[in-house]
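The values are calculated or read from the model by the stated rules, or taken from the named source; none is laboratory data. What you are looking at is a predicted structure, and each value in this text was computed from that prediction instead of being measured. Ideal geometry is used to build each Cβ from the backbone, glycine not excepted, and the neighbour counts take in all protein chains shown. When the accessible area is computed, the model is the full protein with side chains, heavy atoms only, and any ligands, DNA or RNA have been set aside. Shrake-Rupley method; radii C 1.70, N 1.55, O 1.52, S 1.80 Å.
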Amino acid sequence: MDPRVIVAVLSVLVLTDLTVAYEVIKGNGSCFEVVKTMLDHFMELKSDADKSNELKYQTELQIKDELIKSKDEQIKALKDLNKRNDEQIKALTDLIKSNDARIRAQSEIEELIRIKNSEIEKKNNEIERKETLINSLKNQINEKSEDLKKAGKEKDEFNKKLLSCLDNINKTKNSLMEKEKEIQEKKEEIKRKDDLLNEKDAEIQEKIEQAKSKDFQNKDLTNQINVLSQNLTITIEKLGKSVDPNPCKNVSKDIYQIRLPGVSAFEAPCNGSGWMVIQRRIDGSVDFNRNWTEYRDGFGNLTGEFFIGLEKLHLITQSGQHELLIRLGKVDGSTAFEKYDNFRIGSEKDSYPLESVGIPTGGAGDSLTKHHLNMKFSTIDRDNDEDAFNCARRLGGGWWFNICGHSSLNGRFNKDGKGKSKNGIIWGSWHRYDYTVSLTFVEMMIRPKPF
Ligand SMILES: [Ca+2]
């Protein structure tokens, strides 16, 4: 076989390309004719094949289109389903949200209820406390009611007493009105007397004026009076010397005007036995814490407690020898005395020293000689003692203090008879120097020593 035929056949068989087979064999005229029928047959076959393929493609396309359409419909259906599902989910979500809101609202309500319950419990507790308080108050009210009942009874009794008192007051008032009336009458009388006195004053004034006018006449009279006065003084001195030196002699127990040579007249009690009392302590009614001037001049009540005065004692005892009698008493009623036979007091210039006491006799013992003889007198305002302190201030009263000594008859009056640190009325030798004792009775007396 010709090679070109082989090529053409191969072209058709292997390459399936008839065009190339045609071109290959076209140039060979002999072959061409032989092969051409076959080629045409091949070409027809090829054309049928191509048509068959075309139909196949068309059919495949149609099937695929159908398939696509079917898928599209499925997808649409699925989309619809999804959409419905979404709507259901949304509805469910809304429902869940709504439920959540309800649950939250429920929780809030429960919390509110819990708070309210707590408040109610507190209120209950408070109510309970109030009830307790109310019960307590009720009890108190009951007690007060009882008290008020009692007070009412007391008030009734008080009113009765008050009425009685008012009655008394009215009586007293009436009595006072009568007294006032009397006083008014007295006042009127006093006024009348005042008027009378004024009239008398006017008269006196007139007389004075008259007297002034006669003054020149009086000068002569004054000279005459002076002469008479000198004569009178001489007469009084003569009389004085003849006066008995014991003014209490032969008189009863009483207060007398005492006249002694060299001493101005003064009052003093006599004890009925010839003694003149110069000091007395009986009840503490007179304060013996006195200053120098008062001890010098004397003080107190001559019918009770008093001190006669240092100046008088000086003048009297300087005029002649005098005895001193001291009578003492304790709170238990026991008594004692001590007598001295030569009592003498110095002058104020020397601070009224205890210049002499003489010989002591008696049962009370001597509490003057050892510590007080020759001592100056001391008072709260004049420290003449030998102590570092002021004895009169420490122990009270005034005395012839030393350091401060064993006696102090002007000390503090203790009604219970008990002293402290010598501050009472003391006479050491009689109460064994026990200074818790304070005497409750003292009388000091003097009289001229009889010869
Ligand atoms: Ca002193």
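Taking the centroid of alpha carbons for each part, segment 63-131 and segment 159-210 are 114 Å apart.
Under 17 Å from the Cα of Lys181, which lysines turn up, not counting those fewer than eight places away in the same chain? Result set, ordered by chain and number: Lys171, Lys173, Lys191.
Pairs from the table (Lys187/Lys207; Lys330/Lys420; Lys312/Lys376; Lys330/Lys370; Lys253/Lys330) lying more than 19 angstrom apart at Cα are Lys187/Lys207; Lys330/Lys370; Lys253/Lys330.
Segment 244-306 and segment 403-451 have Cα centres separated by 19 Å.
Could you tell me which of rounded, prolate or oblate describes segment 350-449, using a ≥ b ≥ c as the square roots of the eigenvalues of the alpha-carbon gyration tensor, with rounded for a/c under 1.5 and, failing that, prolate when a/b is larger than b/c and oblate otherwise?
Because a/c hits 1.5 or more and a/b fails to exceed b/c, segment 350-449 counts as oblate.
In Å², and per residue, what accessible area does segment 254-448 have when probed at 1.4 Å with the other protein chains present? Walk me through the intermediate numbers first.
Working: 8210 Å² over 195 residues.
With the other protein chains kept in place, segment 254-448 gives 42 Å² per residue.
Whenever you get a sec, compute what percent of the accessible area on segment 279-395 sits on carbon and sulfur atoms (1.4 Å probe). Walk me through the numbers before you get to the answer.
On the way: 2330 of 5140 Å².
Carbon and sulfur: 45 percent of the exposed surface of segment 279-395.
The Cα atoms of segment 341-403 give a gyration tensor whose axes a ≥ b ≥ c have a/c of 1.5 or more with a/b no greater than b/c, which makes the shape oblate. Residue by residue, segment 178-194 carries 3J(HN,Hα) couplings of 4, 4, 4, 4, 4, 4, 4, 4, 4, 4, 4, 5, 4, 4, 4, 5, 4 Hz when phi is fed to the Karplus relation 6.51 cos²θ - 1.76 cosθ + 1.60 (θ = phi - 60°); x denotes Gly or Pro. Backbone geometry of segment 384-396 corresponds, through the Karplus equation with coefficients 6.51, -1.76 and 1.60 at θ = phi - 60°, to 3J(HN,Hα) couplings of 10, 7, 9, 7, 5, 9, 8, 4, 5, 6, 6, 9, x Hz, x marking Gly and Pro.
Scan segment 384-438 for trypsin sites (Lys or Arg not before Pro) in coil per DSSP, keeping those whose Cβ has at most 14 other Cβ atoms within 10 Å, and list them by number.
Lys415, Lys420, Arg432
Which shape class, rounded, prolate or oblate, goes with segment 254-448 when its Cα gyration tensor gives a ≥ b ≥ c as root eigenvalues, a/c under 1.5 marks rounded, and past that a/b bigger than b/c marks prolate? Note, shape of segment 254-448 comes out rounded.
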